[in-house]
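Q: This is the structure I have questions about; it appears just below.
Laboratory data are not the source of any read-out in this text; all were calculated from the coordinates shown. Keep in mind that what you see is a predicted model, and the values were worked out from it rather than measured. Using ideal geometry, Cβ is built from the backbone for each residue, glycine included, and neighbour counts are taken over all protein chains shown.
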Amino acid sequence: MIFEDECYAIRGAIYAVYKEIGCGFLEAVYQECLLREFMLTGIPFEAQKLLRLYYREELLDQTYRADFLCYGKIIVEIKAVDAIAPIHQAQVLNYLQMSQVRLGLLVNFGAYPKATVQRILNSKLRDD
């Protein structure tokens with residue numbers, strides 16, 4: 001499993017936020033709380049990280065803003081919905097492939113009784 005220690009730390013921060021405020025808020029609330037939790041726990045991150053996109057190894061003019069880029073190598077995408085849908089998974093996978101990032105965590109704070117975290121791997125890139 002790639003980036004196991006980093007993912008463990010990120011999951012801990014996610015579950016701490018959920019334990020503190022539960023479900024029922026908008027994504028923006030969870031994003032701000034998670035930002036603060038990352039700061040408290042010393043997880044390196046960039047919020048609203050602008051990522052460049054590539055098509056056939058050519059840089060595009062279009063960009064994507066990841067909710068978070070943690071450790072410089074893991075996209076963290078936040079949702080606050082009843083259930084993760086295939087379109088959410090496809091969105092993260094597309095972002096991974098087009099930005100050439102290896103791993104994404106799709107987080108759903110809208111689930112009850114706990115937040116869910118799904119690992120999405122960009123299989124088009126080799127392991128580090």
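Q: Given springs between every Cα pair under 10 Å in a Gaussian network model of the chain, which of 60, 105, 51 has the largest fluctuation?
A: Comparing 60, 105, 51 in a Gaussian network model of the chain, the most mobile one is 60.
Q: If one takes the longest principal axis of the Cα atoms in the chain, at what angle in degrees, from 0 to 90 and to the nearest 10, does the Cα axis of helix 27-41 lie?
A: It works out to around 90 degrees.
Q: Using a ≥ b ≥ c from the Cα gyration tensor of the stretch 1-51 (square roots of the eigenvalues), is it rounded, prolate or oblate, where a/c under 1.5 gives rounded and otherwise the larger of a/b and b/c decides, a/b for prolate?
A: It is oblate, given that a/c is not under 1.5 and a/b is not larger than b/c.
Q: Based only on other Cβ atoms within 10 Å, what is the fewest-to-most ordering of 61, 67, 82?
A: The order, fewest Cβ neighbours first, is 61, 82, 67.
Q: Something else about it: From Cα pairs below 8 angstrom and at least 6 apart in sequence, can you work out the relative contact order of the stretch 7-95, rounded to a whole percent?
A: 23 percent
Q: OK, next. Loop only per DSSP, at most 14 neighbouring Cβ atoms within 10 Å: give me the GluC sites (Glu not before Pro) in the stretch 48-103, ordered by residue number.
A: Counting only loop positions with at most 14 other Cβ atoms within 10 Å, the GluC sites (Glu not before Pro) in the stretch 48-103 are 57.
Q: In deg cm²/dmol and to the nearest 500, what is the mean residue ellipticity at 222 nm of the chain if only DSSP H runs of at least 4 residues count, each as -39500 (n - 2.57), divided by the residue total?
A: -12000 deg cm²/dmol
Q: Compare the Cα positions of 117, 71, 86 along the charge dipole of the chain (+1 at Cβ of Lys, Arg; -1 at Cβ of Asp, Glu; about the Cα centre) and return the one farthest towards the positive end.
A: After comparing all options, I get 86.
Q: If you place +1 on the Cβ of every Lys and Arg and -1 on the Cβ of every Asp and Glu, how big does the dipole about the Cα centre of the stretch 4-121 come out, in debye to the nearest 20?
A: Approximately 120 debye in magnitude.
Q: If you wrap a convex hull around the alpha carbons of the chain, what volume per residue comes out, as a whole number of Å³?
A: 104 Å³
Q: What is the antiparallel percent of DSSP beta bridges lying wholly in the stretch 4-121, to the nearest 5?
A: Counting only bridges with both partners in the stretch 4-121, antiparallel ones make up about 75 percent.
Q: Quick one: if you stick a label point 7 Å off each Cα along the C-beta vector at residue 112 and residue 60, how many nm between them?
A: Output for this residue pair reads 3.7 nm.
Q: Which net charge results when you count Lys and Arg as +1 and Asp and Glu as -1 among the other residues whose beta-carbon is under 14 Å from that of residue 88?
A: After counting each charged neighbour, the total is -2.
Q: May I ask you to evaluate 6.51 cos²θ - 1.76 cosθ + 1.60, the Karplus curve with θ = phi - 60°, for each residue of the stretch 59-73 and list the ³J(HN,Hα) values in order in whole Hz, giving x for glycine and proline?
A: Karplus-based 3J(HN,Hα) across the stretch 59-73 equals 5, 8, 6, 5, 10, 9, 9, 6, 3, 8, 10, 9, 6, x, 8 Hz.
Q: Here's a follow-up. Does the stretch 63-128 come out rounded, prolate or oblate, given a ≥ b ≥ c as the square roots of the eigenvalues of its C-alpha gyration tensor, rounded meaning a/c under 1.5 and, failing that, prolate meaning a/b above b/c?
A: prolate
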